[in-house]
Amino acid sequence: MALSYRPASASLFEPLWAIEQAAHPYPWSESLLRSCLTAPYWGEVACTETPVGFYLFQQVLDEVTLMNICVDPVHQGQGWGQALLERALMRARAAEARRCFLEVRASNVAALALYRKVGFVEDVRRKGYYPCSEGREDAVLMSCTL
Ligand SMILES: CC(C)(COP(=O)(O)OP(=O)(O)OC[C@H]1O[C@@H](n2cnc3c(N)ncnc32)[C@H](O)[C@@H]1OP(=O)(O)O)[C@@H](O)C(=O)NCCC(=O)NCCS
């Protein structure tokens, strides 16, 4: 099934909030997601008939930070996360960004593998940055040239 893309906007909050809560073991708060659906943040929603995933960037001049990317668990493992990330990087390039940064939990093996697969490299780790069920875990900071 082909994906189509729509701008991530406040009108899509409800389906995106449902995906956020289903996909992330440590989901964002409702208010954080709402705030990232307005400028200066931007992104897109991948849809079949309904939204199945989304990404969100913060852009400052020629740098973007990937704030979030997720795919509804029902639709994971069939290449859509990679398609969404490649689309996001293409759109960032079109918006004249030259470098993309992100931060991910060290335990998030799926996301780490995806990021490495599309060309992100690890820059540094922040020890014990995130609270987690076993205490705290590292944040992995990664980047790629666009
Ligand atoms: C990370 C995420 C977006 C991947 O989406 P997806 O649609 O399942 O990924 P794809 O099917 O496109 O897989 C692409 C690549 O990701 C990696 N990957 C995906 N799932 C994986 C898993 N369970 N274990 C290890 N690697 C995995 C692999 O490198 C895979 O390539 P391969 O199939 O050639 O091995 C999805 O797991 C997700 O939404 N996770 C929750 C939200 C999250 O953690 N977001 C990132 C941090 S903000």
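The values are calculated or read from the model by the stated rules, or taken from the named source; none is laboratory data. Model, not experiment: these values are computed from the prediction. Counting neighbours? That spans all protein chains shown, and the Cβs are built from the backbone with ideal geometry, glycine included. The accessibility values were calculated without ligands, DNA or RNA, using every heavy atom of the protein model including side chains. Shrake-Rupley method; radii C 1.70, N 1.55, O 1.52, S 1.80 Å.
Considering the chain as a Gaussian network with a 10 Å cut-off on Cα pairs, which listed residue, GLY135, GLY77, GLY53, attains the greatest mean-square fluctuation?
GLY135
For labels at TYR41 and ALA110 in the simple 7 Å Cα→Cβ model, what's the distance in nm?
Here the answer is 2.0 nm between the modelled labels.
How much area per residue is accessible in the chain when the probe is 1.4 Å and only protein heavy atoms are counted (Å²)? Intermediate values should be presented prior to the final figure.
On the way: 7810 Å² over 146 residues.
Dividing the accessible area of the chain by its residue count gives 53 Å².
Residue by residue through the range 57-74, what is 3J(HN,Hα) from phi via Karplus (6.51 cos²θ - 1.76 cosθ + 1.60, θ = phi - 60°)? Round to whole Hz and write x for glycine and proline.
Computed from phi, the couplings for the range 57-74 are 10, 10, 10, 10, 6, 9, 10, 10, 10, 6, 7, 6, 8, 7, 10, 3, x, 4 Hz.
Taking H placed 1.01 Å from N in the peptide plane, check which residues at least 5 places from ASN68 or on another chain put their amide H under 5 Å from its amide H.
Result for ASN68 returns LEU56.
Among LEU84, LEU16, LEU112, which one moves the most in a GNM of the chain with springs linking Cα atoms closer than 10 Å?
Between LEU84, LEU16, LEU112, it is LEU112 that shows the largest mean-square fluctuation.
Could you please state how large a percent of the accessible area of the chain is carbon and sulfur, counting protein chains only and using a 1.4 Å probe? Intermediate values should be presented prior to the final figure.
On the way: 4150 of 7810 Å².
The value for the chain is 53 percent carbon and sulfur by accessible area.
Under a point-charge model restricted to the Cβ atoms of Lys and Arg (+1) and Asp and Glu (-1), what is the dipole moment magnitude of the range 4-145 relative to its Cα centre, in debye to the nearest 20?
I would put it at about 320 debye.
Do me a favour and compute the ellipsoid semi-axes for the chain from its Cα gyration tensor, root of five times each eigenvalue, largest one first, whole Å.
Details: eigenvalues 93, 71, 48 Å².
Here the semi-axes work out to 22, 19, 16 Å.
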